[in-house]
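The values are calculated or read from the model by the stated rules, or taken from the named source; none is laboratory data. What you see is a predicted model; the values in this text were computed from it and never measured. FYI the Cβ positions are ideal-geometry reconstructions off the backbone, even for glycines, and counts take in every protein chain you see.
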């Protein structure tokens, strides 16, 4: 997940945007927590792991050629990172994204960020209009890195030299900007001008009222009574939905999508705890599906593993908050697309990562992260003598490996990090083989570089 740019209760809000997957200690048998990795598991990983020669995003992709078989005919591929703070995980995701675009024909990138901001990013990568650094600086705080900027720069470079363009779409709604409100008003003015007055009675009270979207989010989140705004947002959505239109009217579908993001924003911040995160992931998955239906594109879904993993009943531990439980966006995508939704998890063994501060100005803070404890999902990968590699978890395996892949487990959840409690942040509620089809692993990581 990741930290979003809010002004109040940032700790709670950012949990809805960070990459964590975990299980409580009680969820693992004591023997599993202490026992070393059985040699059969290490040997199987070593035999089946495909080495990755480099993390350089611009390097030739021949070392990923075998990934073609693993991707197969997948319609949507989730690219899930175990932390937003590791430079090498972003670089490896960038390389896999390049492979999906250049070698497998993927033409849309669905990103864990806001729909309305995504429109500006999409315009940049399609036309070159806009300031890349400024756009990257508008992303949620966990994406404001030179490495993410390089991803967007590469997308622009690719589109500049290809007729078959790649598009960028934000699948979140938690920072809905004026452009969505303007699009709704413009559509109603065009197709039903007599209803514009009725629309504005509901739309105008909802428009962001502060210089930055973060301030608007903070204002609304702090309101004790949000129901009047929720009613206005639902009226806007219902009015647009009922406008006269023909079946397959793309202008109407787009206006309705804008209205859905406005409604989702106001409903979402009225919820708390697990209900809030569950609502968010349902909407994110629906937005991915809507984009797929609209474009027909094969889609790479770039987000935290706690969103992309096939994880119904995911449990997130991120102290000091209570545990959160929800069905991940990836679990909805798996239910809709079956095996044509491919879940790729990016993991690491140890190193230093950036953790965003809980309060403004949200400057990244480096944290040294040790090896995961024995019994954690990624621990056996660190016992393999390769700097980075990818592994298809669906490959044939002996009983001991099958038992390891399907056993309840935990994996890192670095929404936050406390060196005194390095194993306190994690996700559980499933097994490694349930969450991920493919693992991309890096042994040592360093922090990403701020803009």
- Any hit, the range 413-429, residues being in contact with a strand residue (DSSP E or B) (Cβ under 7 Å, 6 or more places away or on another chain), on the phi > 0 side of the Ramachandran plot and surrounded by 18 or more Cβ atoms within 10 Å (Cβ to Cβ): yes
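Please tell me if residue 71 is at pLDDT 95 or above, under 15 Å from the mean Cα position of the chain (by Cα) and within 21 Å of residue 308 (Cβ to Cβ).
Details: at pLDDT 95 or above: yes; under 15 Å from the mean Cα position of the chain (by Cα): no; within 21 Å of residue 308 (Cβ to Cβ): yes.
It is false that residue 71 is at pLDDT 95 or above, under 15 Å from the mean Cα position of the chain (by Cα) and within 21 Å of residue 308 (Cβ to Cβ).
Being surrounded by fewer than 18 Cβ atoms within 10 Å (Cβ to Cβ) and either more than 25 Å from residue 289 (Cβ to Cβ) or free of Cβ contacts under 8 Å to residues at least 12 places away in the same chain (or both) narrows it down to one residue among 185, 189; which is it?
Details: 185 fails: surrounded by fewer than 18 Cβ atoms within 10 Å (Cβ to Cβ).
One residue alone meets the criteria, 189.
Consider residue 262 carefully, then state whether it is closer than 21 Å to residue 332 by Cβ and either buried (at least 21 other Cβ atoms within 10 Å of the Cβ) or not assigned by TED's automatic domain parsing to the domain that holds residue 196 (or both). Let's see the steps before the verdict.
On the way: closer than 21 Å to residue 332 by Cβ: no; either buried (at least 21 other Cβ atoms within 10 Å of the Cβ) or not assigned by TED's automatic domain parsing to the domain that holds residue 196 (or both): yes.
No, not satisfied.
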- Task: Scan the range 40-91 for residues that are assigned to a helix (DSSP H, G or I) and closer than 30 Å to residue 364 by Cα and jot them down.
- Result: 87, 88, 89, 90, 91
- Message: If I go through the range 206-222 residue by residue, how many of them are modelled with pLDDT under 95 and under 14 Å from residue 264 (Cα atoms)?
- Response: 1
- Note on the structure: Selection from the range 127-146 of residues in contact (Cβ under 8 Å) with a residue 40 or more places away in the chain, touching a strand residue (DSSP E or B) at 6+ places or on another chain (Cβ under 7 Å) and either buried (at least 24 other Cβ atoms within 10 Å of the Cβ) or in a helix (DSSP H, G or I) (or both) yields 140, 141, 142, 143
- Read through the list (1) surrounded by fewer than 22 Cβ atoms within 10 Å (Cβ to Cβ); (2) in contact with a helix residue (DSSP H, G or I) (Cβ under 6 Å, 6 or more places away or on another chain); (3) free of Cβ contacts under 8 Å to residues at least 60 places away in the same chain, then give the number of the only condition that residue 194 fails. (2)
- Take the residues in the range 291-321 that are modelled with pLDDT under 95 and out of contact with any helix residue (DSSP H, G or I) (no Cβ under 7 Å at 6 or more places or on another chain), then tell me which one is surrounded by the most Cβ atoms within 10 Å (Cβ to Cβ). 317
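Residues 355, 344: which one is buried (at least 21 other Cβ atoms within 10 Å of the Cβ), farther than 17 Å from residue 282 by Cα and touching a helix residue (DSSP H, G or I) at 6+ places or on another chain (Cβ under 8 Å)? Working first, answer last.
On the way: 355 fails: touching a helix residue (DSSP H, G or I) at 6+ places or on another chain (Cβ under 8 Å).
So the residue among 355, 344 that is buried (at least 21 other Cβ atoms within 10 Å of the Cβ), farther than 17 Å from residue 282 by Cα and touching a helix residue (DSSP H, G or I) at 6+ places or on another chain (Cβ under 8 Å) is 344.
Could we say that residue 273 is crowded, with 17+ Cβ neighbours inside 10 Å, in contact (Cβ under 8 Å) with a residue 40 or more places away in the chain and closer than 30 Å to residue 318 by Cα here? Break it down into steps so the answer makes sense when it comes.
Numbers: crowded, with 17+ Cβ neighbours inside 10 Å: no; in contact (Cβ under 8 Å) with a residue 40 or more places away in the chain: yes; closer than 30 Å to residue 318 by Cα: yes.
Here the answer is no, as residue 273 does not meet what is asked.
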